[in-house]
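Only the coordinates and a few stated rules stand behind these numbers; no lab work does. Predicted, not measured: the structure shown is a model, and the values here were computed from it. A quick note on method: Cβ atoms are made from the backbone with ideal geometry, for glycine too, and the neighbour counts reach across all protein chains shown.
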Amino acid sequence: MTPETLAADANLALYSSMIVFTLAMLAFAWHLAARTTTKTSSATPTATPTATPTATAAGARAAHADAAVEEPSLARAGSVGARTGLPGPAGISIVHDVRDGAAPMQTQSRVSRQRGSVALMLTYLATLLLIGSVLLRGIAVMRPPWGNMFEFTTAAAAAVGAVYSALARRNQWQWLGLFIVAPILLVLGLSVTVLYTEAGELMPALKSYWLGIHVSIAFLAVAFFTIGFALGVLSLVQAHRARTGTVRARFLATVPDAGTLERGAYSLNMVAFILWTFTLIAGAIWAKEAWGAYWQWDPKEAWTFIIWTVYAAYMHGRATAGVNARKTTYIALAGYVAVIINFTLVNLMATFAGMHNYSGM
């Protein structure tokens, strides 16, 4: 096959993935609708007549240990504690926090689980199509397929889809899908309408093995930052809902509490921060090789460092005793805003023109 044919096939796979991502987004919204129509049960497991309070607690813990887990917690992504599902009537699963001894607070119907599974399967398919598009583009140009803004955008979107798919399968994060797939679609729409660049040769400064290392780690970090951002926003909404009761989105009653969401966001941001640190160091090494200096305060270099600094402040605040986790979450959100600025304004506006003018536009 010719490079032109492969590039055309890559575009076809990209458009196909956008169609399937659209179906997945609708399916996730359908899933949330099913979650919101499920009533939260206030019933507790029935104790045996002869049990004392101590024996009752022990029996409840034993029942919890034997029960099937319907909604695994964010603990698998680094949070603390565990959630256990108790079988309820008519296919409803009552989920509560064993660590805190909380009363049942979440339910999910069989219909909701089925819709969530459909949405997740569509996400898997769409992500595979998008990865296929990136690979075909790379074969067509015979180089790592992230040499311009269009290629970086599609590769980063594929990374977000892949990371979410892996975490969602492990943690049953179907409730998060709408907030991940919608931004992926938005970014892909931007890539094909505004950023599209024909397959071609690299600029001389990009012809280095560092392109495959530095840039790939960068968009993988962005993928973790993106999912951490979504969890962070939801944690703030949940915290506000718990304090004031003014948030009327009914599906929020069926997702993890603010503390669990915040711990999950912290875990993902920690992984992303480590990857971004490597990105910063690798970029300096590549700059030395390409331009003869490790650091020249180019706008792209400066904003990469700004992102690192903001997330370092977040990590420090999060690890400091007595610092409110809700306040540190705002720092993490500011860091993600810096990521967006670095991705859009710094790459596209003449005001930020520098040595990293590789958008292809």
Run through every distinct alpha carbon pair of segment 218-274 and return the Kirkwood hydrodynamic radius in angstroms, one decimal place. 11.7 Å
Length-normalised contact order for segment 123-225 - Cα pairs under 8 Å, 6+ apart - percent: 39 percent
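Using mean Cβ contacts within 10 Å as the protection proxy, how do 153-166, 4-17 order, highest first?
Working: 153-166: 23.4, 4-17: 17.5.
Highest mean packing first, the order is 153-166, 4-17.
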Could you list, bin by bin from short to long, the percent of Cα-Cα pairs of segment 214-361 in 10 Å steps? 11, 36, 29, 16, 7, 1
Based on the Cβ-Cβ distance from T244 to I285, what FRET efficiency comes out when R0 is 56 Å, to the nearest 0.05? 0.70
Rounded to whole Å, sorted largest first: equivalent-ellipsoid semi-axes of segment 175-271, Cα gyration tensor: 37, 17, 8
